[in-house]
Amino acid sequence: MELLTALGLSVPAGLNAYIPLLAVALAQRFELLELAEPFNVLGEWWMIAVVAVLLAIETVADKIPAVDSVNDAVQSVVRPAAGGIVAVAAAGNAIDVSPWLLVLAGVLLAGGVHAAKATARPAVNVTTGGVGGPVVSALEDAGAVVLSAVAILAPLLVALVLAAFAYGFWRLWRRMRGDGSATVREQ
């Protein structure tokens, strides 16, 4: 279960580094998770406040066209690092997996999601004249909240939620490329 929680928290870190960090911090604070040392400091109120401020900045920056692309460049280091941190922190001491392997898995999962997001966002901004960026960003944030909550509260559902997100992104990608069945029928 801890492994599913750890990996399930890494994925939303690729969308927004601070949502899963805040979720882990609050889960530690309210004793829903027991974080591995030294990551249990995340549950301290001062650290929760720091992460909340960073989340507010990230949330605003990600909603502004052009600024979101600069933010994605800056977050190219932060999001994968957050994925590694939440993976090793949330796994606790309950599993016999090397902490470095957990960090690597978290970095790769968050980094992969971030790469897809950072690649797709400029296309969304260009094709919608900047109007679609904030909408997509809000959907990404909502997805990160849902996946973080599922990873903590119902880790067995992580695989199902990840499959649903993958299917949704695949459908969106096909629609953006114009490969949808409606386009084919019209020709």
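Determine which member of the set 24, 11, 51 is surrounded by 24 or more Cβ atoms within 10 Å (Cβ to Cβ), among the β-branched types (Val, Ile, Thr) and within 15 Å of residue 78 (Cα to Cα).
Working: 24 fails: within 15 Å of residue 78 (Cα to Cα); 51 fails: surrounded by 24 or more Cβ atoms within 10 Å (Cβ to Cβ).
Matching residue, one of 24, 11, 51: 11.
Working only within the stretch 92-124, note down all residues that are at negative phi, in contact with an Asp or Glu (Cβ under 7 Å, 6 or more places away or on another chain) and either of a type outside the set (D, E, K, R) or not in a helix (DSSP H, G or I) (or both). Reasoning before the result, please.
Going residue by residue through the stretch 92-124, those that are at negative phi are 93-124.
With the extra rule that they be in contact with an Asp or Glu (Cβ under 7 Å, 6 or more places away or on another chain), the set shrinks to 94-95, 117-118, 121.
Passing the criteria: 94, 95, 118.
From the set of residues in the stretch 128-156 that are at pLDDT below 90 and not small (Gly, Ala, Ser), which is surrounded by the most Cβ atoms within 10 Å (Cβ to Cβ)? Full working, then the answer.
Of the residues in the stretch 128-156, the ones at pLDDT below 90 are 128-133, 155-156.
So of that shortlist, the ones also not small (Gly, Ala, Ser) come out as 128, 131, 155-156.
Numbers: 128: 14, 131: 11, 155: 19, 156: 11.
Taking the candidates together, the pick is 155.
Would you check if there is a residue in the stretch 87-105 being crowded, with 22+ Cβ neighbours inside 10 Å, within 30 Å of residue 178 (Cβ to Cβ) and touching a residue at least 12 places away in the same chain (Cβ under 8 Å)?
no
So which residues in the stretch 64-86 are over 16 Å from the mean Cα position of the chain (by Cα) and surrounded by 12 or more Cβ atoms within 10 Å (Cβ to Cβ), if there are any at all?
Across the stretch 64-86, the qualifying residues are 64, 65, 67, 69.
Just need a number here: residues in the stretch 29-75 that are touching a residue at least 60 places away in the same chain (Cβ under 8 Å) and in a helix (DSSP H, G or I).
So the count comes out to 2.
If you go through the stretch 125-142 one residue at a time, how many are farther than 18 Å from residue 57 by Cα, touching a residue at least 40 places away in the same chain (Cβ under 8 Å) and either part of a helix (DSSP H, G or I) or among the hydroxyl-bearing types (Ser, Thr, Tyr) (or both)? Write out each step before concluding.
Applying the first criterion (farther than 18 Å from residue 57 by Cα) to the stretch 125-142 yields 125-132.
If we keep only those that are touching a residue at least 40 places away in the same chain (Cβ under 8 Å) too, we end up with 125, 127, 130.
Next, only the ones that are either part of a helix (DSSP H, G or I) or among the hydroxyl-bearing types (Ser, Thr, Tyr) (or both) stay: 125, 127.
Counting residues in the stretch 125-142 that are farther than 18 Å from residue 57 by Cα, touching a residue at least 40 places away in the same chain (Cβ under 8 Å) and either part of a helix (DSSP H, G or I) or among the hydroxyl-bearing types (Ser, Thr, Tyr) (or both) gives 2.
Out of 158, 145, 107, I need the residue that is in contact with a Gly (Cβ under 6 Å, 6 or more places away or on another chain), closer than 22 Å to residue 76 by Cα and hydrophobic (A, V, I, L, M, F, W, C). Which one? Break it down stepwise before answering.
Working: 158 fails: closer than 22 Å to residue 76 by Cα; 145 fails: in contact with a Gly (Cβ under 6 Å, 6 or more places away or on another chain).
Result: 107 is the single residue among 158, 145, 107 that is in contact with a Gly (Cβ under 6 Å, 6 or more places away or on another chain), closer than 22 Å to residue 76 by Cα and hydrophobic (A, V, I, L, M, F, W, C).
Return the pair list, or none, for Cβ contacts closer than 8 Å from residues in the stretch 155-167 that are among the small types (Gly, Ala, Ser) to residues that are modelled with pLDDT of 80 or more, at least 6 apart or on different chains.
159/4
Considering only residues that are under 15 Å from residue 140 (Cα atoms) and modelled with pLDDT of 95 or more, which ones fall in the stretch 39-58? Outline the logic, then answer.
Going through the stretch 39-58, the residues under 15 Å from residue 140 (Cα atoms) turn out to be 55-56, 58.
Residues satisfying the conditions are 55, 56.
The values are calculated or read from the model by the stated rules, or taken from the named source; none is laboratory data. None of the values given here were measured: they were computed from a predicted structure. Here the Cβ is made from the backbone with ideal geometry for all residues, glycine too, and neighbour counts use every protein chain on show.
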